[in-house]
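See below for the structure under consideration.
Every number in this text was worked out from the coordinates using simple rules, so none of it is lab data. Every value quoted in this text rests on a predicted model; they were computed, and no experiment measured them. For neighbour counting, all protein chains shown are included, and Cβ atoms are generated from backbone atoms with ideal geometry for every residue, glycine included.
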Amino acid sequence: MSIAMTVVIAPSRCLRLVLAGFGASLLAAALTVGLLLPARYAAGSLMAVALLCAGLCLVHAAWRGAVMDRIDISGLGQLRLAVQQDVGMETQVGMPVRLLPGSTLWPQLLLLRLGAATGTAGLACRCVVVLPDSVAPDAFRALAVALGGTAGPLAGPCLEHKIL
């Protein structure tokens, strides 16, 4: 059985919506703390500023430009990663990567820690979050199985929580 495949991973709409909602709740908390606590505590204004900064950072993260990843898995189990922002993925050639320890494969979530393959430089560690709405409908399960197969004998130290 060949595990060769190419999957384009788009940012998850659900994850972006959760980030925006959490950022909005932090902004509301900053408004509440800023109006109620300064009269009671000396550090109320400082807390309001900290909540405001955290909320703005999360809202910015939710609405910034989309970064698309493409993972190519060869028939031999070699991984290549291509990263693009606001450009087509057709011409990009990926760089060889490998799964690092701490990568997690769960039924509805893939947390991939990808590092440079031996002998190449330029990528220390890139974390890729893959949710079912990040890829094509049938590609999520196939990607999880293919990544589990590429780990092979290294599945113990490489994949901490392998649940397929």
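Based only on other Cβ atoms within 10 Å, what is the fewest-to-most ordering of VAL129, VAL7?
VAL129, VAL7
Could you work out, for region 13-63, what percent of all Cα-Cα pairs fall into each 5 Å distance bin, beginning at 0 Å and stopping at the bin that holds the largest distance?
Histogramming region 13-63 at 5 Å steps yields 5, 27, 25, 17, 12, 8, 4, 1, 0 percent.
Taking the Cβ of ALA10 as the center, what net charge do the other residues with Cβ under 11 Å away carry, scoring Lys and Arg +1 and Asp and Glu -1? Please list the in-between numbers first.
Numbers: positive: ARG13, ARG16, ARG70; negative: ASP69, ASP133.
Local net charge: +1.
For region 2-110, state which chymotrypsin sites (Phe, Trp or Tyr not before Pro) are in a DSSP loop and have at most 15 other beta carbons lying within 10 Å of their beta carbon.
On the way: sites: PHE22, TYR41, TRP63; in loops: TYR41.
Loop-located and lightly packed - TYR41.
With the crude spin-label approximation of a point 7 Å out along Cα→Cβ, what separation in nm comes out for LEU131 versus SER74?
Taking the simple label geometry, LEU131 and SER74 are separated by 3.4 nm.
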